[in-house]
Amino acid sequence: MSQHQGTHHYVDDPRNEDILISVNGELLPRDKAVVSVFDSGFILGDGVWEGLRLHNGRFAFLDQHLKRLWQGAKAIDLDIGLTRDELAAELQRTVEANGMGSGVHVRLMVTRGMKTTPYQDPRVNIGGATVVIIPEHKTPSEREGGVRLHTVHVRRVAPDVQDPMINSHSKLNCITACIQATKAGADEALMLDPHGFVATCNSTHFFIVRDGELWTSTGRYCLHGITRGNILKVARDDGIPALEKDFSLTEVYDTDEAFITGTFAGVTPVAEIDGRAIGAGTPPGPVVRKLQTLYKALVEKECPAS
């Protein structure tokens, strides 16, 4: 097993030193791409964001990502200030200015913008939203075996506390979960819902395979993941029973296979949870390997080579 460095650890790429970053439509070098200390994102984490993958010069599942971005912005009454087509065009302009084609991860961030004073009320905001696009040459690091998860005390909360459906900049609960897992020597945190059932991980979605069935949480206490949804689709299309349901850690520890999903790394097998080896202890298992193949094919279909 490789040294634990988190589920988003990537291969260093010197080209990232010279990237151009879009800040409100202006392309700036890395050291000049800054926002004000009066920006709502800096002061309060007031904003929404998306992580996107560029493959063959195309953004994978862009419509789904923009739909989720607009849903979150609507929920917090944030005016992005651009149409979806305009934002899509700026994303494309940014990666083309950097000569990027594949193996690229893009962080798209939208905050409520500038404030006249550091205070939470949006009525002290002036001007429009701040829109930042950071494209990087980023491929996942190679791993021997799968990742290790640790169940943490930090819970995913109900939508009347902070709706986990919103991909907000305010991620402190996920950060504290990540810290606890890191201190325990794991790669990622496994988080429970308020009822004690398995919900999700701190930055990825969680699945298990039991007796030929694919299980993931109900989705009530996690972000509506784009990769999560696509894995459910390709599994069902291939005849694999894929269920969204409540299940406990007892069922997780006794599962045949487990894996996590996310925009960055796709489908990643899990080797160990809370010190317990998963399945045969030699991931990936057959179902995970099949899902990795199906998902890669879906990405190629979504982003065909020119």
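Coordinate-derived values only; no laboratory data. Note that the structure is predicted; figures quoted are calculated from it, not measured. For neighbour counting, all protein chains shown are included, and Cβ atoms are generated from backbone atoms with ideal geometry for every residue, glycine included.
Points to keep in mind about this one:
- Relative to the longest principal axis of the Cα atoms of the chain, the long axis of helix 226-237 makes an angle of roughly 40 degrees.
- Net charge of Cβ neighbours under 11 Å - reference A280; Lys, Arg +1; Asp, Glu -1: -2
- Helix axis angle, 84-97 relative to the chain longest principal axis, alpha carbon, degrees: 90 degrees
- With one equal scatterer per alpha carbon and no solvent term, the Debye-computed log10 I(q)/I(0) for region 14-137 at 0.19, 0.22 1/Å reads -1.03, -1.28.
- Distance from the alpha carbon centroid of region 284-306 to that of region 25-55 works out to 31 angstrom.
- 13 Å beta-carbon shell around R15, net charge (K/R +1, D/E -1): -3
- The chain: antiparallel DSSP beta bridges as a percent of all, rounded to 5: 85 percent
- Volume of the Cα convex hull of the chain, divided per residue and given in Å³: 135 Å³
- Less than 5 angstrom separates the built amide H of F247 from those of V198, all sequence-distant by 5 or more or on a different chain.
- For the residue pairs K67/K138; K67/K301; K183/K296; K74/K290; K67/K171, the C-alpha atoms sit more than 29 angstrom apart in K183/K296; K74/K290.
- Relative intensity, log₁₀ I(q)/I(0), of region 108-151 from a Debye sum that treats every alpha carbon as a point, q = 0.21, 0.30, 0.32 Å⁻¹: -0.76, -1.07, -1.11
- Helix-only CD estimate at 222 nm, as mean residue ellipticity for the chain, using -39500 (n - 2.57) per DSSP H run (n ≥ 4): -8000 deg cm²/dmol
- Value in Å of the Kirkwood radius, where region 74-221 supplies the Cα pairs that are averaged: 18.5 Å
- Whole-percent P(r), region 147-306, all Cα pairs, 5 Å bins from 0: 2, 9, 19, 23, 21, 14, 8, 3, 1, 0.
- Local electrostatic count at Y295 - Lys and Arg +1, Asp and Glu -1, tallied over other residues with Cβ under 12 Å: +3
- Hydrodynamic radius of region 161-221 per Kirkwood, over alpha carbon pairs, in Å: 12.7 Å
- Relative contact order [Cα under 8 Å, 6+ residues apart], region 147-302, whole percent: 23 percent
- Efficiency of FRET between E251 and W70 - r from beta-carbon atoms, R0 30 angstrom, step 0.05: 0.25
- Tilt relative to the chain, helix 286-302 - C-alpha long axis, 0 to 90 degrees, to 10: 30 degrees
- Longest site-free stretch - the chain; sites: trypsin sites (Lys or Arg not before Pro), DSSP loop, at most 16 other Cβ within 10 Å: 1-170
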